[in-house]
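The values are calculated or read from the model by the stated rules, or taken from the named source; none is laboratory data. Small disclaimer: the values here were computed from a predicted structure and weren't measured. Please note: Cβ atoms are built from the backbone with ideal geometry, for glycine as well, and neighbour counts cover all protein chains shown.
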Amino acid sequence: MLDTLNFSDGVIKKLCMFKDVTIKGELYSTEFRQHFKTDGSVCSLKETSDGKFDLQIDGVSHVNWFRRKKEEFMKTFGLPTKKTKQRY
């Protein structure tokens with residue numbers, strides 16, 4: 001997954017040492033097949049209570065971060081999001 005996000009070896013090494021890394025540029029979501037711009041998001045690798053590791057962006061799971069970015073993108077163009085489903 002870290003390769004999909006286009007992280008350099010240096011960024012991956014810092015994350016594996018549990019250091020926060022600030023990212024500027026674009027991050028790619030495989031879920032949405034779309035790049036999302038970021039201007040200083042903080043990425044970190046955190047161990048969960050069940051012993052697994054979660055990549056976090058700006059303090060939330062990367063999955064939730066990308067979903068929030070997708071909603072922001074949709075709202076920018078006035079398109080409905082899952083939270084604002086239109087009723088007919």
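Here are the numbers:
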| quantity | calculated |
| --- | --- |
| Residue list for segment 3-26, restricted to those being part of a helix (DSSP H, G or I) and exposed (fewer than 12 other Cβ atoms within 10 Å of the Cβ) | 9, 10, 16 |
| Some residue of segment 40-52 being assigned to a helix (DSSP H, G or I), at pLDDT 90 or above, of a type outside the set (Val, Ile, Thr) and out of contact with any Phe, Trp or Tyr (no Cβ under 9 Å at 6 or more places or on another chain) | no |
| Segment 52-70 residues that are farther than 11 Å from residue 28 by Cα, paired with ones that are of a type in the set (Gly, Ala, Ser) (beta carbon under 7 Å, 6 or more apart) | 54/61; 56/44; 57/41; 58/41 |
| Hits in segment 27-39 - residues which are surrounded by 12 or more Cβ atoms within 10 Å (Cβ to Cβ), without any contact (Cβ under 8 Å) to a residue 40 or more places away in the chain and either among the hydroxyl-bearing types (Ser, Thr, Tyr) or outside any strand (DSSP E or B) (or both) | 28, 32, 38 |
| Residues satisfying the stated conditions in segment 1-47, i.e. within 30 Å of residue 76 (Cα to Cα) and of a type in the set (Ser, Thr, Tyr) | 4, 22, 28, 29, 30, 38, 41, 44 |
